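S.K.: Have a look at this one before I ask anything.
Read-outs throughout are calculated quantities, based only on the coordinates presented, and are distinct from any laboratory measurement. Model, not experiment: these values are computed from the prediction. For neighbour counting, all protein chains shown are included, and Cβ atoms are generated from backbone atoms with ideal geometry for every residue, glycine included.
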Amino acid sequence: MKEVKLFLGPQHPGMHGNYSVQMYVDGDIVKKARPTPGFLHRGFEKLMERRLWMGNLALIPRICVVEPDINEMVYAQGIEMLAKVEIPEKAHWIRMMILEMARLAIHIMGLGGIGGPTGLYTLTYWAIAQRDLILDLFEEITGARVYHMYIVPGGVRKQLPDGILEKLSELLDELEVKIPEYRELGLKHPIIHKRLKDNIMLPEDVVWEVGITGIGMRSATNKEYDLRKVQPYARYDQVEFDVPVANYSDALTRVNIKYKEIFQSIRILRQVIEKMPKEGEVRTKISTGSALRWKVPAGMVYSAIESSRGEYGYFIVSDGKEMPYRIAVRGASYPQGLLGIEKYLVDCRIDDASLWMDTMGVCSPEIDR
Amino acid sequence: MNERKSFFAPVKAWKYLLKKPVTIKKEDVFDNPREASDQYRGFHQNDWDKCIGCGTCASICPTNAISMVEIASLKIEDGKKNERPALDYGRCSFCALCVDICVSDSLKMTKEYVHLSKDIDSFYFIPDINGIHNTQEKQGYVRDETSELLDLERVKMAHEDVSRKNSFIEIVKGYSMEMALAESARCVECGICTATCPAHMNIPEYIRSIYENDLKGAVTHLYKTNPLSNVCGRICTHLCEGACSLAVRGEAISIRWLKRYIVDNTPIEDYEEAVLSFVTEPVNGKVGIVGSGPSGLSAAYYLRTLGYEVDVYEKRAIPGGVISYGGPEYRLPEASVQKDIGMIKKTGVNFITNTKVGTDITLEQLKEKYDAVFLGIGFSLSRPLNIPGSDHKNVEYAIPLLAETRDYLRGSSKMPDVHEKVVVIGGGNVAFDVARTLLRLQIEKYGKVNVAMASLENRDILPADLEELEEGEEEGIIGSFGYGPEEIVVENNKIVGLKVNKVISIFDEDKRFNPKYDKTDSYVIEATQVYISTGQMPEYDMITDDMKEKMEIVRGKIITGEYGQVENLPWLFAGGDIVRGPDIINGVANGHDSAYGIDLYLQSKNK
């Protein structure tokens, strides 16, 4: 039978961002898949070489829209490593709080996002509304809802506003009640269940072959590989949390792990509220002078943290001037989103292609940056 | 670990059918928008009264959304530009770095976040205090200590401790490379200093060169406008620092000490190459310069770089005028002065020393000999003080003492005759120079200090720099500030002291100099020698009467055209103290301007 070429994206409700996959299908089975990046290419890495160390802060959150804070964190952490600056204790805790709030936001959105490719939009609407409550808190802390620009080299940009920890605590209470409803509506739903269960498999050898990290790796290999545990940054070594794992990675397992991670984030946030120092500075200078002339000592560093999709890192090279010499972004979903699609989207049904993207954790802006 | 499916589980979601939706209604978005958080980064507002137009917001803006727009209705003042930031909201990313770096604390953000318009131009907007929709009260994101992006504290300059008074050692130690790099990194390159500096030095450019550790480039920038950078790096009046935009909220950049860092630390070969790089091919034209002070040297250098043949006449043995014979060694070491003069000599300027114009050669003769003449004779006389007893032989004046001391330290003259107990009249920087010079000579001669000062101005309005007052008192000067001299008490033909009265006011209602004293509060400061340092004045003995008739002299100063040209005497140019009053940087600026004026004049003459 003749193959038909179909486009998934760049404009497609089932596609994550303006990314495109050309699918050659036979009937409704994908026979060949060709990812076509470039529609979302904004040249972040090059732009960063032409911006001040501080000025880049306005740029980098845009590499990942839903979880922008990871960019700020890896960037700030890398600069601090190069400049050998130790940031104030309280800043570490605030950073951890911001990162976990961001993880909550993106996980809730991801969980609700299952509703898109499966046709149960109620779930998506819930998630968007729930996420907005987290964004409300972000707005109070940082002054913006989506692109926070709050984690800066040397600490965080401002002190926490009064009473924010209480508000966060209340929100966590609410989430603890609401999130289980997603499970009732979504994960237990007979149709969604059927679509996810034993479908879109991720075998262990593919994890090692392609280099998948994050939920994909943990769901397939039973390994508790989470940078927050194996290479703790901020103050993750001072809080207790579990890393959910599995040894059978179908779509349902991966969504399930995401669901469990939400509760681990809530657990971490509760400890942050309790243990965060009440007083203290939140920022130190990384360099002398005005921000127009901050210099970072020459050198290179790989700074990585655990994003919601896996290991997220920046390789930063400084030549000691007021702008970076080179920054390369290691997007967490790069392996599955570029290599994985080409090789393993094959034999998937057309209607499962979007679910494949979703549950594999493909974030196109960090691939096509 | 996976979920089991359940047919009934999803049905639980139906309960939300009966609940109120969480979404905001469409009408509310426009008519009753939700109020943003207290530090929301919305549209900008800018307090024009505070804004100085420095453009630092535009410099930091990562998206180039801010451009500086000239506002014709605003006045240009020292420390202020007539520009205000304009925002292009098509580019703005609302990062608020502009707010965090604002030097004047004028730029802030509001809670406003809705702007709908069919007029595309309304997205390009020059914010004022009212913000985009007249919502002044809805203030959002503001800068605070934590989000500060400027470095408001200067790198401290090291000074010699009080044992400095035992010699003429230079007091200010100078910046190390590390300190200079740190200090230069504070600059925001607004250029307000350049506008204020009389010589319009390229200050941001040379500070950037320091920051980039390109000292040769820095010297090049210095010599574009100032060939006396060694001198000005030490004793300039640094008006630039008063205008520095960082001084609005913090401490100004140490522009003077950074200049000194450049001249002290550039390798001499690089330095020379940079200075001589300006000298062009010789052109037809000879210029005579009267006086080798700052203005004369500056005019000589720039004329020489333009290719003219330049002769400089100096009445004393060493060129330099006030820089060789005025400033005390502990502020302005001989080596620095000689470096500046040496560089100017290297460009090919010819110095004719020990030749006083007016006696050894007349101005008329110079007129015949040269195509143009520049007059930079400075204020070379001390202003006399007429009080009873001031005609006594032990009453001395500031300028001769300072000159004699410089010669003494060079080894070309004997030590000035300093008594064991002296009093200095005056409260300016020169008076302190005199007092502190006397004090050092006393230590050398007698091993102890007894220097008193008396000035009309009290401590709060003392014309001298605060630094001079603090350091002088630390060295042992006893000041009677706010006490005016009434008479020099002479007994048996010997001075025994200076009688002073408390000053009530210095100027009368018409703002004329007319000091009033409280005669009940008066005492005698014991001294056997009195030094008067109450101002300087010019000596115009070389100018002939018919020349004087043609030119306009107002209160001792010659009135000139834009480029130093004396009206009615087109061949004569003047600059420095005799045009602008005593200040070295003014002299340098005048010299440079006159060089330009002379060039224009000679070009028009040769046509």
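S.K.: Any lysines with Cα under 19 Å of the residue B:19 Cα? List them, leaving off those in the same chain fewer than 8 positions away.
M.R.: List returned: A:178.
S.K.: Continuing with the same structure: Which length gain, in nm to one decimal place, applies between residue B:491 and residue B:552 when the Cα-Cα distance is subtracted from 0.36 nm times their residue separation?
M.R.: Computed gain between residue B:491 and residue B:552 is 17.4 nm.
S.K.: Would you mind computing, in nm to one decimal, how far apart the modelled labels at residue B:383 and residue B:350 are, each placed 7 Å from Cα along Cα→Cβ?
M.R.: 3.9
S.K.: With a Cα-only, solvent-free Debye model of the stretch B:34-149, what are the log10 I(q)/I(0) values at q = 0.12, 0.13, 0.14 Å⁻¹?
M.R.: Listed by q, the Debye log ratios stand at -0.39, -0.45, -0.53.
S.K.: Give me a single rounded figure for B:136-148: the average over its residues of other chain Cβ atoms within 10 Å of their Cβ.
M.R.: 3
S.K.: At a 10 angstrom cut-off on C-beta neighbours, averaged per residue, how do the peptides B:189-196, B:474-481, A:325-332, B:225-232 rank from highest to lowest?
M.R.: Output ranking for B:189-196, B:474-481, A:325-332, B:225-232: B:225-232, B:189-196, A:325-332, B:474-481.
S.K.: In the stretch B:320-397, which trypsin sites (Lys or Arg not before Pro) fall in coil by DSSP and have 11 or fewer other Cβ atoms within 10 Å?
M.R.: On the way: sites: B:331, B:339, B:345, B:346, B:356, B:367, B:369, B:393; in loops: B:331, B:356, B:393.
Counting only loop positions with at most 11 other Cβ atoms within 10 Å, the trypsin sites (Lys or Arg not before Pro) in the stretch B:320-397 are B:393.
S.K.: For the stretch B:164-276, how big is the tail of P(r) above 19 Å, as a whole percent of Cα pairs?
M.R.: 41
S.K.: Next question. Let me have the 222 nm mean residue ellipticity of chain B computed from DSSP H runs of 4+ only, each contributing -39500 (n - 2.57), with the sum over all residues rounded to the nearest 500.
M.R.: Only helices count here, giving -9000 deg cm²/dmol.
S.K.: Shifting gears a bit: Which angle from 0 to 90°, rounded to the nearest 10, does the C-alpha axis of helix B:334-346 make with the longest principal axis of chain B?
M.R.: 90
S.K.: What is the local net charge at residue B:137, summed over the other residues whose Cβ is closer than 13 Å to its Cβ (Lys, Arg +1; Asp, Glu -1)? Walk me through the intermediate numbers first.
M.R.: On the way: positive: B:108, B:111, B:138; negative: B:35, B:38, B:112.
Summing Lys and Arg as +1 and Asp and Glu as -1 gives 0.
S.K.: Would you list which lysines come within 25 Å of residue A:223, measuring only between C-alpha atoms, while excluding same-chain residues fewer than 8 positions from it?
M.R.: A:197, A:258, A:260, A:343
S.K.: With a sphere of radius 12 Å drawn around the Cβ of residue B:490, what net charge do the other residues whose Cβ falls strictly inside it have (Lys, Arg +1; Asp, Glu -1)? Spell out each step's value before the answer.
M.R.: Working: positive: B:393, B:494, B:499; negative: B:391, B:487, B:491.
Once positives and negatives cancel, what remains is 0.
S.K.: According to a simple spin-label model (label point 7 Å from Cα along Cα-to-Cβ), what is the distance in nm between residue B:160 and residue B:460?
M.R.: 3.5
S.K.: State which entries of A:194/B:12; B:81/B:557; B:173/B:445; B:216/B:259 exceed 24 angstrom in Cα-Cα distance in the structure shown.
M.R.: B:81/B:557; B:173/B:445
S.K.: Can you list the trypsin sites (Lys or Arg not before Pro) in the stretch B:40-102 that are in a DSSP coil and have 11 or fewer other beta carbons within 10 angstrom?
M.R.: Passing sites in the stretch B:40-102 are B:75.
S.K.: Additional query: Loop only per DSSP, at most 16 neighbouring Cβ atoms within 10 Å: give me the GluC sites (Glu not before Pro) in the stretch B:537-596, ordered by residue number. Each step should come with its number before you reach the end.
M.R.: Working: sites: B:539, B:549, B:552, B:562, B:567; in loops: B:539, B:552, B:562, B:567.
Of the GluC sites (Glu not before Pro), the ones in loops of the stretch B:537-596 whose Cβ has at most 16 other Cβ atoms within 10 Å are B:539, B:552, B:562, B:567.
S.K.: Just to be sure I understand: of the beta bridges DSSP finds with both ends in the protein assembly as shown, what percent are antiparallel, rounded to 5? Please list the in-between numbers first.
M.R.: Details: 66 of 97 bridges.
Once the DSSP bridges in the protein assembly as shown are tallied, antiparallel ones form about 70 percent.
S.K.: Below 8 Å between Cα atoms, with a sequence gap of 6+, how large is the relative contact order for chain B in percent?
M.R.: About 12 percent, as a whole number.
S.K.: Moving on to the next point. In the stretch A:56-209, with Lys and Arg counted as +1 and Asp and Glu as -1 at Cβ, which of these residues, A:206, A:180, A:150, has the Cα nearest the positive end of the dipole, that is, farthest along it?
M.R.: Result: A:206, furthest along the dipole toward the positive end.
S.K.: How do B:400-410, B:97-107 rank on mean C-beta neighbours within 10 Å, highest first?
M.R.: For the peptides B:400-410, B:97-107, the packing ranking is B:97-107, B:400-410.
S.K.: Multiplying the sequence separation of residue B:169 and residue B:214 by 0.36 nm and subtracting their Cα-Cα distance, what value in nm do you get?
M.R.: Here the segment from residue B:169 to residue B:214 would lengthen by 13.3 nm.
S.K.: Let me ask something else about it. Once both axes come from the Cα atoms, what is the angle between helix A:69-83 and the longest principal axis of chain A, in degrees from 0 to 90, rounded to 10?
M.R.: Once rounded, the angle reads 40 degrees.
S.K.: Provide a whole-number value for the mean count of partner chain Cβ atoms within 10 Å of the Cβ atoms in peptide A:139-149.
M.R.: Working: counts 6, 5, 2, 6, 17, 12, 5, 0, 4, 1, 6.
Mean partner-chain Cβ count within 10 Å for A:139-149: 6.
S.K.: When the dipole is taken about the Cα centre of the stretch B:34-149, and only Lys, Arg (+1) and Asp, Glu (-1) are charged at their Cβ, what size is it in debye, to the nearest 20?
M.R.: 280
S.K.: What is the order of B:507, B:379, B:432, fewest Cβ neighbours within 10 Å to most?
M.R.: Fewest to most other Cβ atoms nearby, the residues stand as B:507, B:379, B:432.
S.K.: Over 19 Å between Cα atoms, which of B:494/B:519; A:167/A:275; B:224/B:346 qualify?
M.R.: B:494/B:519
S.K.: Looking at chain B only, what percent of DSSP beta bridges run antiparallel? Nearest 5 please.
M.R.: Antiparallel: roughly 55 percent of the beta bridges in chain B.
S.K.: Would you list, by chain and number, the aspartates and glutamates whose Cα falls below 12 Å from the Cα of residue A:321, excluding same-chain residues fewer than 8 positions away?
M.R.: Those aspartates and glutamates meeting the cut-off are A:49, B:212.
S.K.: Further question: Please determine, in degrees from 0 to 90 and to the nearest 10, the orientation of helix A:350-360 with respect to the longest principal axis defined by the Cα atoms of chain A, where the helix direction is its Cα long axis.
M.R.: 30
S.K.: How long, wide and thick is the stretch B:72-125, going by the Cα atoms along their three principal axes, in whole angstroms, largest first?
M.R.: 40, 26, 17
S.K.: Still on this structure, I have one more. Report, for the stretch B:381-536, the % of DSSP beta bridges that are antiparallel, rounded to 5.
M.R.: So the antiparallel bridges amount to about 55 percent of the total.
S.K.: Can you give the mean number of other chain Cβ atoms that lie within 10 Å of the Cβ atoms in peptide A:281-292? Mind showing how you got there, number by number?
M.R.: Details: counts 2, 2, 4, 0, 3, 0, 3, 11, 13, 16, 11, 11.
Across the residues of A:281-292, the mean count of other-chain Cβ atoms within 10 Å is 6.
S.K.: Take the Cβ-Cβ distance between residue A:350 and residue B:537 as r, set R0 to 56 Å, and report the resulting FRET efficiency rounded to the nearest 0.05.
M.R.: It comes to 0.05.
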